[in-house]
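A.B. asks: Please read through the structure below; I'll follow up with questions.
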Amino acid sequence: MRILLVKPKAHLPTVRGLERFQRLEPLEFGYLAAALPAEHEVRVLDLRLHRFADHVFQRELARFRPDLVGFTAYTHESGIMKRLADAVRRLLPDARIVVGGHHATVIPTDCNLPVIDYIVRGEGCAPFHALVTALARGEEPENIANLLFTGERFDAEAAKTWPRYPDPATIPIPRRDLWDRRHYYCIWVCENPRDWQALLPPVAMARTSYGCKMVCSFCIVPLLCGGAHQPRPAEMVAEDLARITADHVYFSDDENFIDEAYGFELAEALARRGVKKRYFAWARATTVLHSPELLRRWREIGLDGVFVGFEFATNQELKAARKGGTVAHNERAHDTLRRLGIACHAAFMVRPEYGHAEFQRLRDYVGAMPPAQCSFTVCTPSPGTPDYEAARPMFWCGDAYDLHDCMHPLTPTALPLREFSALLARQIGEAGRRNPLRVERHLTRPWELARIVHADWHYQRAFRELYRDYPRELWEWPGNVGLPGHGGLQAD
Ligand code: B12
Ligand code: SF4
């Protein structure tokens, strides 16, 4: 069979702005392709790489004439995915269309459309293999776990239960030959950067585990993975990483080091195989404090930076989000990482309820922190979570899946939306000056510096003008005082 796997190009300026700093490999397709027998011809079309994405997509359909088209999508890309599926239906009426990935997993009902034939939920390798095998034999797929039909055969009951993730040992090593790795990069943060070091090196993406044992209320991962952290066999990951040609590896785990014994096992497996890479990983503040020796070992084998969800600058907000940590934990974890020579990416969230005082408090907090690469998103409930259902009556644009990028408030802002956007952009701009790459002055490649300044300008503009992504009548939204369920924040 001829199989085309398509990653949509996001429409939101915020996501496109982020992509100027990091564009990562479509690893999901590497996994899916690796699960198929070699007789099938698989192509990956990453539309993020193309300026005229629709044109490129239609040209590829005409040239390749796939028998099966597979789409992946985050929620904010779901509208684009449906539009592309519609184009396949019109141009190649005999081709089958399957969707998978995060949106299809958490809101399969939204994918139950005539332009889509099959919906795959959760880990895709086994259902995709079974689907392709059946279609290649000229049969309709039957009884495939985690695969739903659309239309009359849509199983609404099955759509309500969460797919279980399989034993990671059963999942193949992903193929990486289906895309040109030079297109994928990431701004690379580290403590004590060297003169002339690459700021936007080519990166590969890799996964060592899925899931997390924690239960933060805003996060979908505990529901997706049933509160379990499932690592891939260490030797398999070492083999996967040994095959990667890029020097820099960005992990796509939910939490890399929450299982201390596995973290050491993997470090030793990599050391034994002589895998020498620079790594960027994800860890909770409490994990850093619990396992500093593990972080030290990883520093020795190449760990440069860690993404830590600081989330908020007050204990009250951290408690409300069931983060399982405090501001003091965050600060001590930051200090520990710096002493180990590992850069900290501190991820914060603002809430739609924030007024001037709360923005000022966050600015003061971030301004007083030791150097860190900081990022800011808007705390929005994840589709698929109870928080999402609870907040739904207050959504100001209905479900607005196209705005779900965790950067657009879904409920009314306390400040006029235009002002909220400006303050968020200001927060991002001021925090950018605390980035270790800027604080630790060192010589940089001029063309990379120019690219970053340009990216930064676009990124801040996307936030300053975020209000423009909403219907015009909301731009000057007067505030939510008096709306049910929207009490203002109290001081900590
Ligand atoms: C790594 C990661 C990133 C990377 C980007 C990865 C990439 N390739 O571009 C970075 C850090 C850049 C990132 C950015 C963002 N991310 Co992100 N990210 C993740 C994370 C931690 C892992 C995703 C991943 O790559 N996994 C590894 C691959 C191999 O697995 P997979 O994608 O799940 O694919 C498997 C299955 O889903 C399935 N499958 C997938 N596609 C298809 C297609 C078909 C046809 C089939 C059959 C099966 C199938 O099979 C695959 C193989 O196993 C997830 C959390 C999670 N646990 O999913 C969040 C997550 C997906 N991200 C999320 C969000 C919100 C974002 C941002 C919008 C956040 C922000 N404001 O900055 C941006 C947007 C980026 C963009 N371009 O759209 C949300 C999505 C919520 C939603 N409802 O859409 C998640 C779930 C985080 C969360 N806790 O809420 N992200
Ligand atoms: S620690 Fe991170 S991945 Fe785990 S539940 Fe909390 S936010 Fe989600």
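Any read-out appearing in this document is the output of simple, stated calculations on the displayed coordinates, not a laboratory observation. Predicted, not measured: the structure shown is a model, and the values here were computed from it. Quick reminder, even Gly has a Cβ in these numbers, built from the backbone with ideal geometry, and neighbours come from all protein chains shown.
A.B. asks: Would you kindly enumerate the cysteines in the chain that have no other Cys beta-carbon under 4.7 Å from their beta-carbon?
C.D. replies: For the chain, the answer is Cys111, Cys125, Cys186, Cys190, Cys212, Cys225, Cys344, Cys374, Cys379, Cys397, Cys406, because their Cβ atoms have no other cysteine Cβ under 4.7 Å.
A.B. asks: So who's got an amide H within less than 5 Å of the one on Met407, skipping anything under 5 residues away but keeping other chains? H placed 1.01 Å off N, in plane.
C.D. replies: Sorted by chain and number, the residues that satisfy this are Val378.
A.B. asks: Give me the lysines in straight-line cross-link reach of Lys82: C-alpha distance below 19 Å, same-chain residues under 8 apart excluded.
C.D. replies: In chain and number order, the partners are Lys7, Lys9.
A.B. asks: Give me the one-decimal nm value for the distance between modelled label points at Trp475 and Asp364, 7 Å along each residue's Cα-to-Cβ direction.
C.D. replies: 3.4 nm
A.B. asks: What percent antiparallel are the DSSP beta bridges of the stretch 2-160, to the nearest 5?
C.D. replies: Values: 3 of 20 bridges.
The antiparallel fraction comes to roughly 15 percent.
A.B. asks: Starting from the Cα of Lys323, draw a straight line to each of the lysines and keep only those under 23 Å, dropping any in the same chain fewer than 8 residues away.
C.D. replies: Here the lysines satisfying the reach criterion relative to Lys323 are Lys213.
A.B. asks: Continuing with this model, one more query. Work out from phi, with θ = phi - 60° and the Karplus expression 6.51 cos²θ - 1.76 cosθ + 1.60, the ³J(HN,Hα) of each residue of the stretch 124-129, listed in order in whole Hz, and give x for Gly and Pro.
C.D. replies: Coupling constants for the stretch 124-129: x, 4, 5, x, 5, 4 Hz.
A.B. asks: Cα extents of the chain along the three principal axes, largest first, in whole Å?
C.D. replies: So the extents along the principal axes, rounded to whole Å, are 64, 60, 43.
A.B. asks: In sequence order, what are the phi-derived ³J(HN,Hα) couplings for the stretch 302-316 according to the Karplus relation 6.51 cos²θ - 1.76 cosθ + 1.60 with θ = phi - 60°, rounded to whole Hz, with x for glycine and proline?
C.D. replies: In residue order, the calculated couplings are x, 6, 9, x, 9, 7, 10, x, 5, 6, 9, 9, 10, 5, 4 Hz.
A.B. asks: Here's another thing I want to ask about it. Roughly speaking, what is the stretch gain from Gln316 to Ala156, that is 0.36 nm per residue apart minus the C-alpha to C-alpha distance, in nm to one decimal?
C.D. replies: 53.7 nm
A.B. asks: Spelling out what I want: for every residue of the stretch 363-371, take phi, set θ = phi - 60°, compute 6.51 cos²θ - 1.76 cosθ + 1.60 (Karplus), and round to whole Hz; glycine and proline get x.
C.D. replies: 4, 4, 5, 5, x, 8, 6, x, x
A.B. asks: Arrange the following residues from fewest to most other Cβ atoms within 10 Å of their Cβ: Asp117, Asp54. Let's see the in-between values first.
C.D. replies: Details: Asp117 22, Asp54 14.
Starting with the residue having the fewest Cβ neighbours, the order is Asp54, Asp117.
A.B. asks: Just how far, in whole angstrom, is the stretch 15-84 from the stretch 402-476 if you go by their alpha carbon centroids?
C.D. replies: 27 Å
A.B. asks: Stokes-Einstein diffusion coefficient for the stretch 195-235 at 20 °C in a medium of 1.002 mPa s, Rh from the Kirkwood formula over Cα pairs: what value in µm²/s? Present the calculation step by step, with values, prior to reporting the outcome.
C.D. replies: Details: Rh = 12.8 Å.
Here the translational diffusion coefficient equals 167 µm²/s.
A.B. asks: For the stretch 184-474, state the average projected area of the convex hull of the C-alpha atoms over all orientations, rounded to one decimal in nm². Spell out each step's value before the answer.
C.D. replies: Working: hull surface 59.9 nm².
Its Cα hull, projected and averaged over all orientations, spans 15.0 nm².
A.B. asks: Could you pull out every residue, at least 5 positions away or on a different chain, whose amide H is within less than 5 Å of the one on Glu311? Hs are placed 1.01 Å off N in the peptide plane, and Pro or chain starts have none.
C.D. replies: Those qualifying (amide H under 5 Å, at least 5 residues apart or on another chain) are Ala347, Phe348, Met349.
A.B. asks: Another question about this same structure. Please list, or write none, the aspartates and glutamates whose alpha carbon is within less than 20 Å of the alpha carbon of Lys160, excluding same-chain residues fewer than 8 places away.
C.D. replies: Asp110, Asp117, Glu123, Glu142, Glu152, Asp387, Glu389, Asp399
A.B. asks: Which far-off residues, 5 or more places away or on another chain, put their amide H under 5 Å from the one on Ala343, with H placed in the peptide plane?
C.D. replies: Result for Ala343 returns Glu191, Gly305, Val306.
A.B. asks: Give me the Debye-computed log₁₀ of I(q)/I(0) at q = 0.11, 0.16 Å⁻¹ for the stretch 189-269, equal point scatterers on Cα only, no solvent, two decimals.
C.D. replies: For the stretch 189-269 at q = 0.11, 0.16 Å⁻¹, log10 I(q)/I(0) is -0.38, -0.74.
A.B. asks: Short version: what are the Cα gyration tensor semi-axes of the stretch 347-468, square root of 5 times each eigenvalue, largest first, in whole Å? Show your work: numbers first, answer last.
C.D. replies: Working: eigenvalues 175, 50, 35 Å².
Computed over the stretch 347-468, the values are 30, 16, 13 Å.
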